[in-house]
Amino acid sequence: MPKTPSIRTQDLTIRFGGHAAVNGVSCAFFPGELTVVVGPNGAGKTTWFNLVSGQLRPSAGRIFLGERDITALSPSARAKAGIGRAFQLTNLFPKLSVLENVRLAVQARAGQGHRLFARATALTGLTDKAMHYLDEANLAAVAQLPAAALPHGDQRKLEVAMLLAMEPDIFMFDEPTAGMSVDEAPVILELIARIKQDPSRTILLVEHKMDVVRALADRIVVLHNGELLADGAPGEVMAMELVRDIYLGVGAEEVA
């Protein structure tokens with residue numbers, strides 16, 4: 001019996017003026033699968049991500065979470081429904097401590113709002129849970145530092161810890177290693193690899209670094225000029241002549 005997609009798009013389209021930034025993209029994604037979305041600059045990757053997570057409303061087409069049509073839902077409603085999104089730029093509370101940032105995410109998941117200044121005794125359980133996610137992200141040692149004091153790589157790790165604290169079913173990462181040094185990037189990739197170990201989770205990843213694609217992808221989706229160009233196993237997709245010709249404008253040896 002075939003698996004039910006955890007999330008899928010049907011003829012998803014968005015137009016800005018006369019230009020279709022995403023044009024009729026239909027794709028289904030499944031639990032236990034990590035799909036990397038690739039394509040040259042301007043291909044529509046981040047725009048498609050913004051449609052799926054609710055930052056943009058489509059001109060046409062629909063988005064389904066399981067069997068539920070979520071096309072009209074707000075980003076916050078989609079987050080509550082189980083879609084977690086990490087952005088290219090860190091989305092933190094810079095003046096709050098690392099622990100407080102994650103605790104707010106835990107509170108939001110628990111439906112308790114942003115009760116940052118509630119009594120400490122009432123927050124003990126939430127704090128313990130927040131520390132668990134900081135441990136997962138190797139940030140427990142800096143829990144009391146302001147988020148703004150962290151180097152860029154640790155800020156990206158903090159964003160992943162906050163995403164973990166929301167306990168989504170769908171994890172969306174938009175260029176998670178953007179702006180990170182060669183030394184910092186493997187830590188984020190290790191975090192994502194750990195998330196991938198849970199077969200109930202679906203992971204969507206926008207990325208252009210081929211070493212990241214090779215390390216993580218179960219499947220590759222290629223967008224080009226807003227349209228779905230290819231979809232399949234990494235080896236099959238990267239062997240396609242058309243993909244090798246257009247992918248980031250690089251030579252075949254760089255995508256082999």
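Charge dipole of the chain (Cα centre as origin; +1 on each Lys and Arg Cβ, -1 on each Asp and Glu Cβ, all else neutral): 1100 debye, rounded to the nearest 20.
Net charge of the neighbourhood of residue 222, taken over other residues with C-beta under 10 Å away and scored Lys/Arg +1, Asp/Glu -1, is -1. Of interest is the spacing of the C-alpha centroids, which for the range 1-32 and the range 34-51 amounts to 11 Å. Assuming a ≥ b ≥ c are the square roots of the Cα gyration tensor eigenvalues, decide whether the range 138-256 counts as rounded (a/c under 1.5), prolate (otherwise, with a/b larger than b/c) or oblate. Note, shape of the range 138-256 comes out prolate.
Near residue 233, once Lys and Arg are set to +1 and Asp and Glu to -1 for all other residues with Cβ below 15 Å from its Cβ, the sum equals -2.
Can you check what the net charge comes to around residue 134, using other residues whose Cβ is under 13 Å from the Cβ of residue 134 (Lys, Arg +1; Asp, Glu -1)?
Neighbour charge sum, excluding residue 134 itself: -3.
Estimated at 0.36 nm per residue, the fully extended path between residue 182 and residue 135 surpasses their Cα-Cα distance by 14.7 nm. Computed extension length for residue 93-residue 28: 20.0 nm, one decimal, from 0.36 nm per residue of separation with the Cα-Cα distance subtracted. Bridges between two residues of the chain, per DSSP, are antiparallel at a rate of about 55%. Ranking 126, 26, 213 by Cα position along the charge dipole of the chain, where only Lys, Arg, Asp and Glu carry charges on their C-beta atoms, puts 126 farthest toward the positive end.
Since every read-out is calculated from the coordinates, none of them should be taken as a lab result. The structure displayed is predicted, hence computed values, not measured ones. Glycine also receives a Cβ, built like all others from the backbone with ideal geometry; neighbour counts cover every protein chain displayed.
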